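**Student:** Structure provided below as structure tokens; questions to follow.
The values are calculated or read from the model by the stated rules, or taken from the named source; none is laboratory data. Predicted, not measured: the structure shown is a model, and the values here were computed from it. Here Cβ is always computed from backbone atoms with ideal geometry, including for glycine, and neighbour counts include all displayed protein chains. Surface accessibility is based on the protein's heavy atoms, side chains included, excluding ligands, DNA and RNA. Shrake-Rupley method; radii C 1.70, N 1.55, O 1.52, S 1.80 Å.
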Amino acid sequence: MNCLEAGKEIPNYCYGEVSSELEELVESHLADCPACRTELARHRKFLELLDEREPMLDSSMLVQCRSQLNTAIRQQASVEASHSAGWRGWHRVLETLRDFSRVQIPFKVPVGAMALVALGFVGARYTPEKFGGVRAATMEPLFSSVRSVEPNAGGQVQIAVDETRRHIVSGSIQDPQIQELLVSGVTDGSNAGVRLKSIQFLHDQVLPAGVGSADVDQVRAALLGALRNDPSAAVRLKALDGLKQFASDATVRTALAGVLQKDEDSTVRMQAIEMLATHHDDSLVGVLQNVVQKEDSPLVRAQITQLLAQLKASVGTY
Amino acid sequence: MYHAAETVNVGLAAPLDESGLIRAAQNGDQDAFERLVREYDQSVLRIATNLLRSPDEARDVYQDAFLKVYRNLNSFRFDCSFHTWLYRIVTNICLDRLRRRKVRKEESTSVETPDGMVDRVTQVREEGAHANPERQMWNRELSGGIARGLAGLTPRERTVFELRHYEGLRLREIGDMIGTTEEAAKNCLFRATQKMRLSLETFV
């Protein structure tokens, strides 16, 4: 080994990243070469200097990250739960079709395909050419993304591909399955637009047209959930709209009182007060007197004061 | 599920059966997933912080990485160690961010710290009220030299250098993480080291 070769190996030698044979060669050269020993000493000093770098990590960052991750995972779990709830209705449709198939169609015909045909979901699908698929006329795009690429034991490659297929479902607003999907849409954590439109349909078409009493409970519960938990003020406002016809209901009024105390959006709070004002309710006085003392918005304060006056109560608790 | 910790616990009280934890987490056990996160998250945050030199970006990387792990844990088939798989995710996210920075040419000498923006060139180790002014000046210049050297590395060189020098990972493992061979990682480290030496030439 000459000095040039040894110089090239010194960085790897210092990191212990040379084979034992190479290590022996480097050490043997160093033993006979004062210039390379000097270079080794300089390189070691350089490595020590690198460790003078200021660390940037502090423990509060880690605590903060864990807390944010916790929240994100909760949201993720909630999205997954709402998706699985949304598909429960369709699972029932498929189960029904499975029973139907036993009578009308030979046993081995795939149930999923029958469901697609029976429901009018055209089965053509689009797979990007990069995955070896064939372009075809489509009503149901298939969105694919590669999640991981790994070698496998057989020397081949194993590619994990996520696929999301979109089904277009259309039907009468009176269809219980459609109603169930709309209720699921209210709790779709991933898309505020979907939540908003689902509530709008429930409010504008489903509730006025009348549904069975059990379904009304389901719709009301979904709207109350949106009112209490939805991060979007627009969705909460729309949920309040949907709840107007339940304004006399005790559960709804409790939720409205909760909005007054906790909702951070003043428009939502004002809307809640309007709904509370539609029914005379003396039991609200204590809550209103308490809230008016803490309310930041002058408009909301004025509205509460007006409502207290309607209830013939004073602003203060005295 | 997670709960924000009052204090940061790095180790685990009970011995870690990692494979068991991974399988439990794959079956939806949130506590097992949390233990996996706690086992590795300090390293993940340290790597991201040091590679990106930005606490805000590092926090984003931490979240992105563990959410990816959460979503894709079922695709983990024990073909490699869990920490290689995890670090591969982290380094890929960091590499993407470093590459985007290069494209946007947004690399500046300023870095975010918990106390606000600090210029890398003037960044100095806290040495207390009685520190020697000359020593302070020397430290300031050294920190500037290290920062300038790191900023001059390509994203891949920076990643390999950070993982080898500051994290102490082996080149073979680093190669696995960034999708290259051990030999290529070794060449990358050599180039990075040469550049760093050059930027610290006056101190050596």
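**Student:** If the chain between A:T251 and A:I173 were fully stretched, how many nm would it gain, using 0.36 nm times the residue separation less the Cα-Cα distance? Intermediate results must be reported in sequence, preceding the final value.
**Tutor:** On the way: separation 78, 0.36 × 78 = 28.08 nm, distance 2.63 nm.
25.5 nm is the gain from fully extending A:T251 to A:I173.
**Student:** Also, quick follow-up: Relative to a virtual label point 7 Å from the Cα of A:A233 in the Cα→beta-carbon direction, which members of the stretch A:260-292 show backbone nitrogen distances below 11 Å?
**Tutor:** Flagged as within label range: A:264-270.
**Student:** Say the cut-off is 28 Å between C-alpha atoms; which of A:K197/A:K312; A:K45/B:K68; A:K244/A:K312; A:K197/A:K294; A:K197/A:K262; A:K238/A:K262 go over it?
**Tutor:** Beyond 28 Å: A:K197/A:K312; A:K45/B:K68; A:K197/A:K294.
**Student:** Work the Kirkwood hydrodynamic radius out for the stretch A:3-47: mean of 1/r over every pair of different alpha-carbon atoms, inverted, in Å.
**Tutor:** It is 10.3 Å.
**Student:** Next question, about the same structure. How much accessible area is lost when chains B and A come together, counting both sides, with a 1.4 Å probe, in Å² rounded to the nearest 100?
**Tutor:** Values: alone 12180 and 20530 Å², together 27470 Å².
Adding both sides of the contact gives about 5200 Å².
**Student:** May I pose another question? Rounded to whole Å and sorted largest first, what semi-axes of the equivalent ellipsoid does the C-alpha gyration tensor of the stretch A:212-318 yield via the square root of 5 times each eigenvalue?
**Tutor:** Largest first, the stretch A:212-318 gives 24, 16, 10 Å.
**Student:** Based on the Cβ-Cβ distance from B:Q194 to B:N74, what FRET efficiency comes out when R0 is 56 Å, to the nearest 0.05?
**Tutor:** E between B:Q194 and B:N74, to the nearest 0.05, is 0.85.
**Student:** Now, a different point. Looking at the stretch B:147-196, which residues lose a minimum of 40 Å² of accessible area between their chain alone and all protein chains in place, measuring with a 1.4 Å probe and not counting ligands or nucleic acids?
**Tutor:** For the stretch B:147-196, once contacts with the other chains are taken into account, B:R164, B:H165, B:Y166, B:R170, B:K186, B:F190, B:T193 lose 40 Å² or more.
**Student:** What accessible surface, in Å², does a 1.4 Å probe find on A:T278, ignoring ligands, DNA and RNA and rounding to the nearest 10?
**Tutor:** Surface open to solvent at A:T278 totals about 90 Å².
**Student:** Still on this model: Grab the Cα-Cα distance for A:E150 and A:T267, subtract it from 0.36 nm times how many residues apart they are, and report the gain in nm with one decimal.
**Tutor:** Stretched fully, the A:E150-A:T267 segment lengthens by 36.9 nm.
**Student:** Over the stretch B:11-107, consider all pairs of different Cα atoms and compute the Kirkwood hydrodynamic radius from their mean reciprocal separation; express it in Å, one decimal. Walk me through the numbers before you get to the answer.
**Tutor:** On the way: mean 1/r = 0.0707 Å⁻¹.
Hydrodynamic radius (Kirkwood, Cα pairs) of the stretch B:11-107 is 14.1 Å.
**Student:** Summing +1 for each Lys or Arg and -1 for each Asp or Glu, what net charge is found among the other residues whose Cβ lies under 12 Å from the Cβ of A:V206?
**Tutor:** Value of the local net charge: -3.
**Student:** How much FRET efficiency would the formula 1/(1 + (r/R0)^6) give for B:D96 and A:S60, where r is the Cβ-Cβ distance and R0 is 25 Å, rounded to 0.05?
**Tutor:** Given R0 = 25 Å and the Cβ-Cβ separation, E is 0.40.
**Student:** If you don't mind, there's one more thing I want to ask. In the full protein assembly as shown, how much of A:V186 is accessible to a 1.4 Å probe, in Å² to the nearest 10?
**Tutor:** The value for A:V186 is about 0 Å².
**Student:** So with the 1.4 Å probe, I'd like the accessible area per residue for the stretch A:176-310, rounded to whole Å².
**Tutor:** Details: 6300 Å² over 135 residues.
For the stretch A:176-310, the per-residue accessible area is 47 Å².
**Student:** About the Cα centre of the stretch A:182-318, what is the dipole size in debye to 20, counting +1 per Lys and Arg Cβ and -1 per Asp and Glu Cβ, all else neutral?
**Tutor:** 120 debye
**Student:** Right, something else. Within the stretch A:29-66, which residues have the backbone N less than 15 Å from the label spot 7 Å out from A:C14 along Cα→beta-carbon, could you tell me?
**Tutor:** Only A:36-53 fall inside the zone, counting backbone N under 15 Å.
**Student:** Another one. Return the average number of partner chain Cβ atoms within 10 angstrom of each residue Cβ along peptide A:68-75. If you can, show how the numbers build up before the last one.
**Tutor:** Values: counts 7, 12, 7, 4, 6, 11, 3, 1.
Whole-number average of other-chain Cβ neighbours for A:68-75 is 6.
**Student:** Moving to a separate point now. Could you sort B:K186, A:K8 by accessible area so the largest value comes first, with the probe set to 1.4 Å?
**Tutor:** Ranking B:K186, A:K8 by accessible area, largest first, yields A:K8, B:K186.
**Student:** Could you rank the peptides B:138-147, A:173-182, A:39-48 by their average count of other C-beta atoms within 10 Å per residue, with the highest value first?
**Tutor:** Order by mean packing, descending: B:138-147, A:173-182, A:39-48.
**Student:** OK, next. Taking the Cβ of B:L198 as the center, what net charge do the other residues with Cβ under 14 Å away carry, scoring Lys and Arg +1 and Asp and Glu -1?
**Tutor:** That works out to +3.
**Student:** Can you give me the solvent accessible area of A:R269 with a 1.4 Å probe, rounded to the nearest 10 Å²?
**Tutor:** 30 Å²
**Student:** What does the charge count near A:D217 come to, summing +1 for each Lys or Arg and -1 for each Asp or Glu among other residues with Cβ under 14 Å from its Cβ? Walk me through the numbers before you get to the answer.
**Tutor:** Details: positive: A:R220; negative: A:E180, A:D215, A:D249.
Charge balance near A:D217 sits at -2.
**Student:** Let's test the formula: R0 of 25 Å, r as the Cβ-Cβ distance of A:E48 and B:T180. What FRET efficiency results, to the nearest 0.05?
**Tutor:** Result of the calculation: an efficiency of 0.30.
**Student:** Then there is this: From other protein chains only, count the Cβ atoms within 10 Å of every residue's Cβ in B:37-46, then give the mean. Working shown, then result.
**Tutor:** On the way: counts 5, 2, 0, 0, 4, 5, 0, 2, 7, 5.
Other-chain Cβ atoms within 10 Å of each residue's Cβ, averaged: 3.
**Student:** Ordering A:H203, B:H165 by how much accessible area each has at a 1.4 Å probe, largest first, what is the list?
**Tutor:** Sorted descending by solvent-accessible area, the residues read A:H203, B:H165.
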